[in-house]
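To start, the structure itself, in structure tokens.
Since every read-out is calculated from the coordinates, none of them should be taken as a lab result. Just so it is clear, the structure is predicted and the values come from calculations on it, not from any experiment. Backbone-built Cβ (ideal geometry, glycine too); neighbour counts: all protein chains shown.
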Amino acid sequence: MKEQDWKHLSAVREVAVERLYERVFQDLQVAVGAEGKSRRELVHGAKGVIDHGLKEVRDVFDSVRFSRSNAKIILIAMINSGLLDEQDVAGFSDEVQAYLARWRDVSL
């Protein structure tokens, strides 16, 4: 991965981490705000949301070392989790965007 793409990946990775934690937090708010459930059910529901969210954090960001050699794997993991938008992807070189387009075509 070229230097410019690596720098962009490093920047969008930080944004993606925050997006994932925001999603977990929103899911947690829904879980604890559920009506008609006992406190026990709410706590267990909240724990389930947190456990699932932390697993996704591990899967996307901690399953492989953050390095240039793993950059494409990390990028695909972030896209699969819906953590990057079109603007994030547009910041990469044409080469990386073409790779992602080919990967999306194959994965569909």
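Between 49, 12, 30, the GNM of the chain built on Cα springs shorter than 10 angstrom shows 30 fluctuating the most. The spacing between the range 1-46 and the range 76-106, judged by their C-alpha centroids, is 20 Å.
Cβ crowding within 10 Å, taken as a proxy for footprinting-reagent exposure, orders 28, 9 from fewest neighbours to most as 28, 9.
The slack between residue 14 and residue 29, meaning 0.36 nm per residue of separation minus the straight C-alpha distance, is 3.1 nm. The lysines whose alpha-carbon is closer than 27 Å to the alpha-carbon of residue 72, local same-chain residues fewer than 8 away aside, are 2, 7, 55.
Shape analysis of the chain yields a ratio of the Cα radius of gyration to the Kirkwood radius, Rg/Rh, of 1.09. Against the main long axis of the alpha-carbon atoms of the chain, helix 3-32 sits at an angle near 10°.
What FRET efficiency, computed as 1/(1 + (r/R0)^6) with R0 = 22 Å and r the Cβ-Cβ distance, is obtained for residue 63 and residue 21, rounded to the nearest 0.05? Before the final figure, lay out the partial values.
Numbers: r = 17 Å, r/R0 = 0.77.
That gives a FRET efficiency of 0.85.
Angle of helix 39-57 to the longest C-alpha principal axis of the chain, folded into 0 to 90 degrees and rounded to 10: 10°.
Picking from 61, 43, 76, whose Cα lies most toward the positive end of the charge dipole for the chain (charges on Cβ: Lys, Arg +1; Asp, Glu -1)? It is 43.
Evaluating 6.51 cos²θ - 1.76 cosθ + 1.60 at θ = phi - 60° for every residue in the range 67-74, the Karplus couplings come out as 8, 4, 5, 9, 4, 5, 5, 5 Hz, glycine and proline recorded as x. Estimated from helical segments only, the mean residue ellipticity of the chain at 222 nm is -24000 deg cm²/dmol, where each DSSP H run of four or more residues counts as -39500 (n - 2.57).
Its Cα centre serving as origin, the chain has a Cβ charge dipole (Lys and Arg +1, Asp and Glu -1) of approximately 420 debye.
Assuming R0 = 41 Å, can you tell me the calculated FRET efficiency for the pair residue 94 and residue 50, based on Cβ-Cβ distance, to the nearest 0.05? Each step should come with its number before you reach the end.
Working: r = 40 Å, r/R0 = 0.97.
According to the calculation, E is roughly 0.55.
Taking label positions 7 Å along the Cα-Cβ direction at both residue 101 and residue 86, the computed distance is 1.4 nm, reported to one decimal.
May I have the convex hull volume per residue, in Å³, for the Cα set of the range 1-55?
Values: hull volume 3.2 nm³, N = 55.
Taking only Cα atoms, the range 1-55 has a hull volume of 58 Å³ per residue.
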